[in-house]
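Novice: Next up is a structure, given as structure tokens.
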Amino acid sequence: MQETWQNYIDGAWTDGGAGWIDVTDPATGTRIARHALADAADVDRAVQAARRVHLSGDLTAMRPIERGRMVQAMGRYLLDHKDDIARVLTLEQGKPLWESQIEIEGAALYFEYYGNQASTVEGRSIPLGAGYADFTEYEPFGVSAQIIPWNYPVEMTARSLSAALATGNACVIKSPELTPLTNAWFARAAEAAGFPKGTVNVICGLGRDAGAALAGHRDVNQIVFTGSVPTGIAIATAAARNVVPCVLELGGKSAAIVHEDADLDAFETDIRWGIYFNAGQVCSAMSRVIVHESRHDELVERAASIARSLSVGPGAERPDFGANMGAMVSDAQRDRAEAMVARATQAGARAAAGGRRLNQPGAFLEPTVLSGVTPDMEIATTEVFGPVLSVLPFATEDQAIEIANGTDYGLVGGVFTRDLDRATRAARRLRAGQVFVNEWYAGGVETPFGGYGKSGYGREKGREALWNYVQTKNIAIKLG
Ligand code: NAD
């Protein structure tokens, strides 16, 4: 493992004005490396480098199909280095090695998908009669600032960076302070793909320090943020002060509604992936299951047996896909989740499985299933961001929808039934940006993703995401 990792500004690796941060393996609690910490002056240098590239016109003068090819090359670079990146990702983040591999493959897919679309961002011609020719063009905003969370440091950066580059923006990435190491490969990939220096800048820094300096920088033209609601509000406020748009993706408390005719054998797979993938540290995790009372006990028992079947331990020792789960990202996140479970059981919930930390070093929490949860409990309304599933019963369809919609969030939702009418009705009534019918996480990079309510605004993924990174220009020509 490389001991010292630097920021990447204007095509050069550099130390940071704010010193260093230790990076810890959450599976063992041991320090694995140190990363340079940017201060406001570093942020300014990165923004100015990106701005110079934008103003030079190099990215926009290029034929989009060529820019798209370079974006695609970045994805291939990630795949070519998949094993190296995966090893570091598992050490800094805690997920099993096979999950790291999936994350890198997912990241590469974004570059493939958006690289392919660089040449499809077409304007339209608007008829104004014989005396005029009128058309629209989509221009990049210029400098795109992207503030990245620690749960999927590779995939989240890929998601915004690929679309921003495909549309011709220059970027400043603020990597997460808990998991900054793997973002280095984006700098290397941009260099290998031949982007002009300054096009992709990657800096790590504390949120309140470098993050706030970046979000509030007057030469940033657009902001993308994924993370918590309070930070999202701070970023939206900073964006408003500079009158620049931002995309906010702020997590959720997403619910699956399971009807009495649902296929519970198939649903076991949804439980396994929906709440225990990445140790539940997923913004669109299936953190609540709202199940018809006639199937409640059976579902709780099935969920508990899945939870108990998972072998929990260091991700580095879990190279292969299977019934296993890694560490959470930090002791602090584990403690927070464990405390929420303890408060839930004090309030009357029952731990049908798990609920406690493992009796060994490392940020491990047992895969947990809580029954007896009522809609007003903290555990039913607040994001845990850990491997904790809350099960709530319902009697009528209206009641199920009311419980599902009963939080401030609205990221995703699910409905499990063989009845197409019922599924469609529920899909339309769920207050969420994405609804899964009969498979949690159905969809992919092609399908738009983003929240209602406090889950944020704007859409990532899919065709929709491209419009985050461009502004419309109308050109009207008076003909002679
Ligand atoms: P956070 O929102 O504070 O941090 C996310 C990113 O924002 C990090 O890169 C951080 O450095 C940066 N940041 C923090 N304060 C900032 C500021 N004032 N200005 C600009 N940038 C700033 O999240 P966290 O503290 O790492 O985690 C807390 C909770 O957030 C979690 O328990 C979880 O509920 C939620 N979360 C959600 C997601 C998601 O995917 N939606 C991801 C991570 C965390």
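Novice: Give the long-range amide H neighbours of Tyr457: residues separated by 5 or more places, or on another chain, with amide H under 5 Å away, using H modelled in the peptide plane at 1.01 Å from N.
Specialist: Amide H neighbours of Tyr457: Leu248, Gly451.
Novice: A further question on this structure: Name the lysines eligible as straight-distance cross-link partners of Lys197: C-alpha to C-alpha under 23 Å, and not fewer than 8 places from it in the same chain.
Specialist: List returned: Lys174.
Novice: How much length is gained if the chain between Leu128 and Ile477 is pulled fully straight, taking 0.36 nm per residue apart and subtracting their Cα-Cα distance, in nm to one decimal?
Specialist: Between Leu128 and Ile477, full extension yields 124.7 nm more.
Novice: How would the chain be classified by its alpha-carbon gyration tensor: rounded, prolate or oblate, with rounded meaning a/c under 1.5 and the a/b versus b/c comparison settling the rest?
Specialist: Because a/c hits 1.5 or more and a/b fails to exceed b/c, the chain counts as oblate.
Novice: Run the numbers on the chain and let me know its relative contact order in percent, using alpha-carbon pairs under 8 Å that are six or more apart.
Specialist: Relative CO of the chain lands at 18 percent.
Novice: Can I ask one more? Relative to the compact-globule scaling 2.2 N^0.38 Å, provide the ratio for the alpha-carbon radius of gyration of region 4-249.
Specialist: 1.02
Novice: Among the aspartates and glutamates, select those whose C-alpha is under 20 Å from the C-alpha of Lys82, and discard any that sit fewer than 8 residues away in the same chain.
Specialist: Glu3, Asp25, Glu92, Glu99, Glu103, Glu105, Glu112, Glu155, Glu191, Glu317, Asp320
Novice: Would region 304-377 count as rounded, prolate or oblate if I go by the C-alpha gyration tensor, calling it rounded below 1.5 in a/c and otherwise prolate when a/b exceeds b/c, oblate otherwise?
Specialist: oblate
Novice: Let me know the Rg and Dmax you get for region 109-202 when you use only its Cα atoms, in Å.
Specialist: Taking only Cα atoms of region 109-202, I get Rg and Dmax of 16.7, 60 Å.
Novice: Keeping all protein chains in the complex and leaving out DNA, RNA and ligands, what accessible area do you get for Tyr469 with a 1.4 Å probe, in Å² to the nearest 10?
Specialist: That residue has around 0 Å² of solvent-accessible surface.
Novice: Just the number, please: carbon plus sulfur as a percent of the accessible area of the chain, 1.4 Å probe, no ligands or DNA/RNA counted.
Specialist: That fraction is 50 percent.
Novice: Residue by residue through region 334-350, which ³J(HN,Hα) values in whole Hz follow from phi under the Karplus form 6.51 cos²θ - 1.76 cosθ + 1.60 (θ = phi - 60°), with glycine and proline marked x?
Specialist: Each residue's phi maps through the Karplus curve to give 4, 4, 4, 5, 4, 5, 5, 5, 4, 5, 5, 5, 5, 7, x, 6, 10 Hz.
Novice: May I pose another question? For the chain, what does the accessible surface come to per residue with a 1.4 Å probe? Please give it in Å².
Specialist: 38
Novice: Enumerate the amide H contacts of Met325 below 5 Å, restricted to partners 5 or more residues apart or on another chain; note that Pro and chain-start residues carry no placed amide H.
Specialist: Hits under the 5 Å cutoff: Ser311, Val312, Gly313.
Novice: Taking the Cα centroid of region 50-64 and of region 381-434, what is the distance between the two, rounded to the nearest whole Å?
Specialist: One Cα centre to the other: 45 Å.
The values are calculated or read from the model by the stated rules, or taken from the named source; none is laboratory data. Quantities reported herein were computed from a predicted structural model and do not represent experimental measurements. Areas reflect the complete protein model, heavy atoms only, side chains present, ligands, DNA and RNA absent. Shrake-Rupley method; radii C 1.70, N 1.55, O 1.52, S 1.80 Å.
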